[in-house]
1. Kindly list, by first and then second residue, each pair from a residue in the stretch 377-399 that is on the phi < 0 side of the Ramachandran plot and of a type in the set (A, V, I, L, M) to a residue that is outside any loop (DSSP other than H, G, I, E, B) and surrounded by fewer than 20 Cβ atoms within 10 Å (Cβ to Cβ), limited to pairs with Cβ atoms under 9 Å and residues at least 6 apart or on different chains.
2. Which residue is nearest to the chain's Cα centre (by Cα), if the candidates are limited to the stretch 193-205 and must be surrounded by 15 or more Cβ atoms within 10 Å (Cβ to Cβ) and within 21 Å of THR334 (Cα to Cα)?
3. So, in the stretch 137-192, of the ones that are among the hydrophobic types (A, V, I, L, M, F, W, C) and in a strand (DSSP E or B), which residue ends up nearest to the chain's Cα centre (by Cα)?
4. Quick check on this structure: which one of GLU73, GLU78 is under 27 Å from TYR161 (Cβ atoms), without any contact (Cβ under 8 Å) to a residue 24 or more places away in the chain and surrounded by 12 or more Cβ atoms within 10 Å (Cβ to Cβ)?
5. Mind listing just one residue for me: the one in the stretch 375-416 that is among the aromatic types (Phe, Trp, Tyr) and in a helix (DSSP H, G or I) and, of those, nearest to GLU175 (Cα to Cα)?
6. Only residues that are part of a loop (DSSP other than H, G, I, E, B) and either under 18 Å from ARG216 (Cα atoms) or in contact with a strand residue (DSSP E or B) (Cβ under 7 Å, 6 or more places away or on another chain) (or both): list them for the stretch 320-333, please.
7. Could you tell me whether the stretch 2-23 includes any residue that is touching a Ser or Thr at 6+ places or on another chain (Cβ under 9 Å), within 22 Å of ASN301 (Cα to Cα) and polar (S, T, N, Q)?
8. Taking PRO244 as meeting all but one of (1) surrounded by fewer than 20 Cβ atoms within 10 Å (Cβ to Cβ); (2) at pLDDT 95 or above; (3) more than 30 Å from THR362 (Cβ to Cβ), write down the number of the exception.
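The values are calculated or read from the model by the stated rules, or taken from the named source; none is laboratory data. What you see is a predicted model, and the numbers here were worked out from it, not measured in a lab. Here the Cβ positions follow ideal geometry from the backbone for every residue, glycine too, while neighbour counts run over all protein chains shown.
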Amino acid sequence: MLYQIYETQRALMAPFSEFASASSKLYNHPLSPFSHTPMAQRVSAGLDLMHRLAKDYEKPEFDIRSALVDGVEVAVQEQVPITKPFCRLLRFKRFTDNGPVLEKMKTQPTVLVVAPLSGHHSTLLRDTVKMLLQDHKVFITDWTDARTVPVEEGPFHLNDYVAYVQEFIRYIGPEVNVISVCQPTVPVLAAVSVMATHGEFTPRTLTMMGGPIDARRSPTAVNNLAMNKSFEWFENNVIYRVPPNFAGAGRRVYPGFLQHTGFVAMNPDRHLSSHYDYFLDLIRGDDDSADAHRQFYDEYNAVLDMPAEYYLETIKTVFQEFALVNGTWDVDGTLVRPQDITTSALMTVEGELDDISGAGQTKAAHELCTGIPKDRQFHYDVEGAGHYGIFSGRRWREKVYPEIKGFIARFNQPEERIDLGAPKGPARKSTNGKGATRKG
């Protein structure tokens, strides 16, 4: 019933949002007589803010049309090689008529970015993709809003997530390098582990960033909620059926609007301050700062519904039973054994100030992947970075990306040329035999 009430409220607010937007322009347009009245700028700013607080946020586009390769701008086209009921595999295909650059692009490593299915759309990783396109062939998982998937397509379980990842890896082939960001670190490790157990090829490199491999370590507020509430509490309090105005009518989901409420509740003061600063930027005419605010919240406020069975199984498997680290996770009859991975190289990345995946949670992957030689395991701590800072923004571009680029390049050389020494970069420190660790 809560979902229906929310949709009714959204429908009622839509006209007021549009009215606020039109009125804001009326008090701001230089040819409008209202723009010359006292307090016009403040009235316009207030109405604009009202519009943005009340409007509905649709899924953004990646809108990546070009990339720089060796200083040359190349065209980028978004392609969809695989479409599944709950996910599309996207490829960002690069084109150029520059001969030397084209030859270089052909030899660059292939990367599969597994985006999180945890509330936001995969476009949250736009900055990640933009940087990777400079030196890699890039694929990404684009998860579908569950409210748009008809009930006839069936349920989507955590094991289905693992199967999707395996299918995408097999499609790309043995040259693939996998980067998982946040939530997918767990199912990606499971997918690759099962492939290794069955004797299949595994990715050349695995890069795991800010994910809950072992959620018991340095638990955050997010972890505590998942661990301290019972499974039945989640099933009874956050799962609702999609209303009839969507294609997925009747499907049980964890609604996006509830997730968004949780996101905002984690840092309410920060969001309140950000919106007030936006109001002041509009009054001052600081268009650059106002545009930056709009771009961030256009992405942040766009959320999707998650299939109920997938969400509940994730809570139980990752945050309550800790099945991965306890060695009890069974995927369609096969026990998940990370120790069976032997040929991939492993890199984990954590943000110093991450308030979603606490310190040590991602690094725990090294203790599970005992079959990977120590000289093929690396860990990188990003000083001053929060959760989003490890894959987006200045720290991602200046600190994290060069490390990941070097790591992937090192293990994508011909076998006889691979240098198994620690990657070059900021000063290293010992990790008690768990590979090279660096802070930056």
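1. Pairs found: VAL382/LYS439.
2. The residue in question is PRO203.
3. Step by step, filter the stretch 137-192, then rank; the result is VAL181.
4. Answer to the selection: GLU78.
5. PHE407
6. Those that are part of a loop (DSSP other than H, G, I, E, B) and either under 18 Å from ARG216 (Cα atoms) or in contact with a strand residue (DSSP E or B) (Cβ under 7 Å, 6 or more places away or on another chain) (or both): GLU321, PHE322, GLY327, THR328, TRP329.
7. No, the stretch 2-23 contains no residue that is touching a Ser or Thr at 6+ places or on another chain (Cβ under 9 Å), within 22 Å of ASN301 (Cα to Cα) and polar (S, T, N, Q).
8. It fails just one condition, (2).
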